[in-house]
There are 2 protein chains.
Amino acid sequence: MSQSLTINRQLVLAERPQGEPNKDTLRLETSTVPKPAPGQILLRTEYLSLDPYMRGRMSDAPSYAAPVALGAVMEGGTVAQVVVSHLEGFNPGDWVLCANGWQDFAVSDGEGVTVLGPDLAHPSWALGIMGMPGFTAWAGLTQIGLPKPDETVCVAAATGPVGATVGQIAKLMGCTVVGIAGGAEKCAFAVNDLGFDACIDHKSDGFANQLKAATPKGIDVYFENVGGAVFDAVLPLLNTAARIPLCGLVSGYNATALPTGPDRMGWLMGQILRKRLTMRGFIIFQDFGHLYPEFATAMTDWLAAGKIHYREEVIEGLEAAPRAFIGLLRGESFGKRVIHVGPEKMIENKEGVI
Amino acid sequence: MSQSLTINRQLVLAERPQGEPNKDTLRLETSTVPKPAPGQILLRTEYLSLDPYMRGRMSDAPSYAAPVALGAVMEGGTVAQVVVSHLEGFNPGDWVLCANGWQDFAVSDGEGVTVLGPDLAHPSWALGIMGMPGFTAWAGLTQIGLPKPDETVCVAAATGPVGATVGQIAKLMGCTVVGIAGGAEKCAFAVNDLGFDACIDHKSDGFANQLKAATPKGIDVYFENVGGAVFDAVLPLLNTAARIPLCGLVSGYNATALPTGPDRMGWLMGQILRKRLTMRGFIIFQDFGHLYPEFATAMTDWLAAGKIHYREEVIEGLEAAPRAFIGLLRGESFGKRVIHVGPEKMIENKEGVI
């Protein structure tokens, strides 16, 4: 079933996953398209962003955000078009950045909805390089990582939308950049297309030794997206006074229990003390939302000048989203993974949508 | 044997301790008093500081500073008097802050030696409230902790020279201050003499619950000196965006192996991510040495105005230092522990020393 103007497909949270999400985690439901009241707009989802943080929303463990309720539409960032507007400032046909979640249609009073304009070359980029992942990379690197020229910046998930941006900005700042990614193809891309100085495959034999060889001056900034065995390899290589922007720990998101011992928690703190490290967790809009305009200006310029390369992986159809999300957590994505929810013709013929 | 002008008593590192230092860790040796060459000064130790970091110097595990060599004089901060000076800027009788280590006499070319002046009301304070511990407290709190008025600051080892100063400065900054200390007497002192809002005994039953009850608004700044079970109790109470100046982990300094599992290292990183925490290790003079004048001005004013209370624990005699250091690591000290190395008469009759 593809997107229509009469049926609202919704993926709702059917059960909280134990470990990896599976085919029973989300359930496809259909309902009628909601009608906007006065002061409201009707939004049609064109692109849905898939991001690792969504795994946290499926769980009811304590976190910085409330979990998605069982039976509720799964949350997610979206690029949508205004279909009907009863609200000043929103015109039919406008592209907007919003959080419709995993569904075709949503009604909104405009709160949290950002108008992107009537005509965009790359509407989906608002979910990636110009949006949350790109902003996360820029802010984590420039506000916490604080790299100086000639320092070594290491970034995990190096071809993901955050990691790829971190590394490219660090290159623009004059740093040596060493990525970590899963598989030879991604590593080659990081070096050849993104311009990293090196990229090490964490799935390869001798990963830790290869990483050590690739960072002869140690690591001054480690941008953490992954955790687990990747962090184990990085920690001994961190230089005195290194900074660790802690952005994600995707390797552990499906974990159902703590790893077996010994307990290294105190040992990690000892490393932070003796190496005078700074480790800071951040959630992009809560910590740095006020800096978005500065980021947007810089990134727009870099993209216009061809200084930042952006790879996107568009997967067709809302029904494909659950499987695509499971793959994302497994490291199967290559570039920013988005779901194209809207039918192709609607993109090509924006004027005919309303 | 007390201090004389003809014999130099030295405590040298006899063996690297496994676990807690013991009577065989240090060895008392005697030698002749060294003679200063042209361009040198002869220094006589009056006070020796005992500090937890010294445990690290006894070990050859990788750290931010080289270990003391076997057979070498144990390192340590000292307040000394100039006995003989062949160096401009140093006059016989001057008090100086230096690092003679655990011995009576040392010769120096003046590097790292700070003249305190010919007459001081409290020479030993240069090892405490006006020196490394006081500066550590001030810098860790003001540069990393960044407390705002009405925030809750929690500090471990609350009656130690660092913790007591952290808490009192935080009170001056308008914060609610909750200390953690070992034993009812120390806790009463923290509240009654230091002016903390509360102080919880980590040796008491239900410590974690008591700490929770004493921090109804959570903890915004946790100044870490201790680690281990104390940190376990603090971590769940940390508020979003809390800051953790990581100054010491004394509870683990004698550990010979990691605790048994599960391995909570990744879990701690998950807490840092989800709570958007900042954890930063620091070594005072490497990180903040340039701020010493600012600290000294502020602390001098606070002391003159009676706004900071300073408790010192003077233990008589260099030979008592090894046992006193073992006790320090056990939490037996109450206030800043210093060894009075010089004989009493030398203090009373400074003019007669030379």
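The values are calculated or read from the model by the stated rules, or taken from the named source; none is laboratory data. Everything numeric here is computed off the predicted structure, so don't read it as measured data. We place every Cβ from the backbone using ideal geometry, glycine too, and count neighbours over all the protein chains shown.
General observations
- Qualifying residue in region B:333-340 (condition: within 20 Å of the chain's Cα centre (by Cα), surrounded by fewer than 18 Cβ atoms within 10 Å (Cβ to Cβ) and of a type in the set (D, E, K, R)): no
- Single match in A:A37, A:A61 (criterion: loosely packed, with under 14 Cβ neighbours inside 10 Å, in the same structural domain as A:K336 (by TED's automatic domain parsing), of a type outside the set (S, T, N, Q) and at pLDDT below 95): A:A61
- Here B:G228 clears all of (1) in contact with a strand residue (DSSP E or B) (Cβ under 7 Å, 6 or more places away or on another chain); (2) within 14 Å of another protein chain (Cβ to nearest Cβ); (3) of a type outside the set (A, V, I, L, M, F, W, C) except the condition numbered (1).
- When the residues of region B:19-62 are filtered to those that are of a type in the set (A, V, I, L, M), over 21 Å from the mean Cα position of the chain (by Cα) and in a loop (DSSP other than H, G, I, E, B), the one that is farthest from B:L127 (Cα to Cα) is B:A37.
- Filtered residues of region A:94-133 (kept if aromatic (F, W, Y) and either surrounded by fewer than 15 Cβ atoms within 10 Å (Cβ to Cβ) or assigned to a loop (DSSP other than H, G, I, E, B) (or both)): A:W102
- Residue within region A:283-296 that is surrounded by fewer than 16 Cβ atoms within 10 Å (Cβ to Cβ) and among the β-branched types (V, I, T) present: no
- Test: residue in region B:280-288 that is in a strand (DSSP E or B) and free of Cβ contacts under 8 Å to residues at least 60 places away in the same chain: yes
- Yes/no for B:A242 being surrounded by fewer than 20 Cβ atoms within 10 Å (Cβ to Cβ) and farther than 30 Å from B:A121 by Cβ: no
- Residue within region A:78-88 that is in the same structural domain as A:A324 (by TED's automatic domain parsing), modelled with pLDDT under 95 and in a loop (DSSP other than H, G, I, E, B) present: no
- Subset tally (residues that are within 10 Å of chain A (Cβ to nearest Cβ) and either of a type in the set (G, A, S) or touching a residue at least 40 places away in the same chain (Cβ under 8 Å) (or both)) for region B:232-243: 2
- Residue check for B:T136: assigned by TED's automatic domain parsing to the domain that holds B:T240, more than 18 Å from the chain's Cα centre (by Cα) and surrounded by 23 or more Cβ atoms within 10 Å (Cβ to Cβ): no
- Test result for A:K212, assigned by TED's automatic domain parsing to the domain that holds A:R280 and in contact with a Gly (Cβ under 6 Å, 6 or more places away or on another chain): no
- Restricting region A:85-135 to residues that are polar (S, T, N, Q) and without any contact (Cβ under 8 Å) to a residue 60 or more places away in the chain, the residue that is farthest from A:L303 (Cα to Cα): A:S85
- Some residue of region A:169-192 being within 14 Å of another protein chain (Cβ to nearest Cβ), on the phi < 0 side of the Ramachandran plot and surrounded by fewer than 23 Cβ atoms within 10 Å (Cβ to Cβ): no
- Candidate set from region B:6-18 (those that are in contact (Cβ under 8 Å) with a residue 40 or more places away in the chain and in a loop (DSSP other than H, G, I, E, B)); member that is surrounded by the fewest Cβ atoms within 10 Å (Cβ to Cβ): B:Q18
- Residue satisfying condition, being touching a helix residue (DSSP H, G or I) at 6+ places or on another chain (Cβ under 7 Å) and at pLDDT 95 or above, within set A:G281, A:G252, A:G327: A:G281
- Scanning region B:74-118 for residues that are touching a Pro at 6+ places or on another chain (Cβ under 8 Å) and acidic (D, E) turns up just one, B:D94.
- Note on region A:262-315: residues that are among the small types (G, A, S), within 14 Å of chain B (Cβ to nearest Cβ) and under 20 Å from the mean Cα position of the chain (by Cα) total 2.
- Matching residues in region A:251-261 - criterion: being of a type outside the set (G, A, S) and either surrounded by 23 or more Cβ atoms within 10 Å (Cβ to Cβ) or at the interface with chain B (Cβ under 7 Å from one of its Cβ atoms) (or both): A:L258, A:P259, A:T260
- Subset of region B:166-188 [within 18 Å of the chain's Cα centre (by Cα), under 15 Å from B:E313 (Cβ atoms) and touching a residue at least 40 places away in the same chain (Cβ under 8 Å)]: B:G182, B:K186
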